[in-house]
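Step one of this worksheet: look at the structure below.
Throughout, read-outs are computed from the coordinates displayed, never taken from laboratory work. On a predicted model such as this, the values are computed, not experimentally measured, just so you know. So basically every Cβ, Gly included, is an ideal-geometry build from the backbone, and we count neighbours across all protein chains shown.
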């Protein structure tokens with residue numbers, strides 16, 4: 001196989017268009033950033049155009065791992081369409097987010113998802129809870145970079161590491177130049193590429209002479225098991241656990257809140273959340289069809305030959321394989337553009353998310369409280385470079401796109417989701433409960449084991465069995481861990497408040513200064529009534545004092 005020069009040129013042109021768009025958007029961000037540059041970089045000055053906000057919110061979720069992983073799961077004989085949970089899961093997550101999370105976040109004019117957590121539980125817990133969010137964002141970017149590298153190796157016959165390095169450098173460059181504006185406007189270009197490119201590829205793949213009609217193979221065994229798949233009775237718990245993980249675990253991500261906080265009004269933020277969920281669901285259809293085509297193809301009639309991709313262990317590459325072997329060359333190049341666009345649209349969001357929280361919640365609120373706007377902006381830019389380089393390095397060592405994608409969000413689901421819910425919706429929870437929930441939840445998740453990291457389970461939930469040398473938990477243990485963490489936060493918070501307020505423990509043991517904070521907030525309504533600060537949310541000093549509590 002020779003180097004595909006035409007495809008390489010087309011890809012370079014696409015990258016140049018994306019980079020030019022990002023640089024143009026960065027100039028607009030500089031015009032908007034005269035008063036508060038860090039706020040413009042993080043949430044676009046809270047006046048993002050509705051349509052741009054909708055496009056960027058949709059493109060954020062439709063990444064390389066999303067479109068590659070969906071096609072892979074449909075193709076796998078042991079899985080099939082019924083195991084493709086991300087499209088419906090993300091759609092429901094964005095619906096729930098719009099219904100319940102938009103108003104509480106916007107009413108306080110928060111900049112990041114970590115703001116309400118730091119406000120409720122202090123800076124120490126804010127620092128701890130930043131860690132799972134950072135890990136998730138870096139793993140997410142690494143997964144989609146790996147998917148792009150493997151795709152370029154198949155279609156262009158170039159080394160995957162070149163694709164990873166070049167793509168990471170371009171994403172890092174325009175993200176640090178323009179912040180959310182560059183990310184949002186490049187997302188518009190990238191979403192158009194994804195929709196058009198995959199849409200063009202599908203008819204060619206479906207009408208290839210080596211492919212049977214997918215309507216025939218949907219429920220019949222032709223070349224392999226039917227691509228619709230089935231759920232065995234023993235796997236119902238695991239299936240439901242993964243689905244709830246996608247629905248609820250997709251909410252506590254800064255990439256999501258960055259979009260709804262950048263909208264010009266709460267109404268627009270809710271609409272963006274609802275419609276972007278619909279967009280995510282619809283944009284999974286091309287990947288589903290490509291996976292179905294792969295399951296309906298006699299690979300012996302193609303240049304790929306036998307054994308099949310599944311038998312060779314190359315099922316993770318099924319989307320680029322279909323584009324390369326079942327479509328004309330110029331069409332497969334268009335599909336490559338779609339994957340590259342998907343990678344960038346999610347990668348820049350992950351980078352901006354992690355760097356925003358580090359600069360605002362860690363650097364400005366903890367490390368250097370007197371930092372200027374310029375200082376925060378430069379720390380944010382440096383973070384983009386560091387986190388981007390780390391993700392690119394991890395991409396070289398990833399072996400399973402779908403596993404890496406799932407693993408990156410599990411800590412967010414089990415640790416961060418209950419913390420955010422308690423901070424926003426359950427009054428009087430405190431740092432004691434937050435700390436207990438964090439450590440107990442982390443311990444339970446660790447004891448359940450992790451096959452991809454070769455960590456054996458110490459807790460064998462019902463249905464746990466040994467499969468191919470690794471233990472598989474079929475019980476919905478991730479959801480159980482999340483619920484246990486949630487109950488721990490609430491129960492320990494109320495217990496701590498009871499024992500200290502009733503003087504059952506000496507005040508010197510109150511390391512979180514629970515009694516001091518309680519007295520401070522008793523007088524808060526009177527002060528707000530006198531000064532009128534409650535309406536405009538400008539009582540920054542009181543919020544800062546509250547966030548300074550330590551464990």
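Observations on the structure shown:
- Each label point was placed 7 Å from the Cα along the Cα-to-Cβ direction; for residue 221 and residue 95 their separation is 3.6 nm.
- Compactness of the stretch 142-202 was expressed as the Cα radius of gyration divided by 2.2 N^0.38 Å, which yields 1.25.
- Computed from Cα positions, the angle between helix 285-295 and the longest principal axis of the chain comes to roughly 40 degrees.
- Acute angle (nearest 10 degrees) that the helix 86-96 long axis makes with the longest principal axis of the chain, alpha-carbon atoms: 30
- The equivalent ellipsoid that matches the C-alpha gyration tensor of the stretch 427-493 spans semi-axes of 28, 11, 7 angstrom, in descending order.
- The peptide list 424-437, 335-348, put in order of mean Cβ contacts within 10 Å with the highest first, becomes 335-348, 424-437.
- Estimated from the Cβ-Cβ distance and a Förster radius of 56 angstrom, the FRET efficiency linking residue 330 and residue 375 is about 0.70.
- Translational diffusion of the stretch 84-200 was estimated from the Stokes-Einstein equation, with Rh taken as the Kirkwood radius over Cα pairs; at 10 °C and 1.306 mPa s the coefficient is 91 µm²/s.
- Geometric extent, Cα atoms of the stretch 310-465 - Rg, Dmax (angstrom): 20.9, 62
- Averaged over residues, the count of other Cβ atoms within 10 Å places the peptides 266-274, 314-322 in the sequence 314-322, 266-274, highest first.
- Computed lengthening from residue 228 to residue 27, 0.36 nm per intervening residue step minus Cα-Cα distance: 67.5 nm
- With contacts taken as Cα pairs under 8 Å at a separation of at least 6 residues, the stretch 426-512 carries a relative contact order of 37 percent.
- Cβ-derived FRET efficiency at R0 45 Å, residue 264 paired with residue 498, nearest 0.05: 0.55
- Computed over the stretch 5-418, relative contact order equals 37 percent, with contacts defined as Cα pairs under 8 Å that lie 6+ residues apart.
- Computed over the stretch 8-159: relative contact order in percent, which uses C-alpha pairs under 8 Å that are six or more apart: 19
- Computed [θ] at 222 nm, deg cm²/dmol, the chain (DSSP H ≥ 4; -39,500 (n - 2.57); rounded to nearest 500): -22000 deg cm²/dmol
- Angle between the chain longest axis and helix 329-357 axis [Cα atoms, degrees, rounded to 10]: 10
- As a proxy for reagent exposure, ranking 311, 72, 373 by other Cβ atoms within 10 Å from fewest up yields 311, 373, 72.
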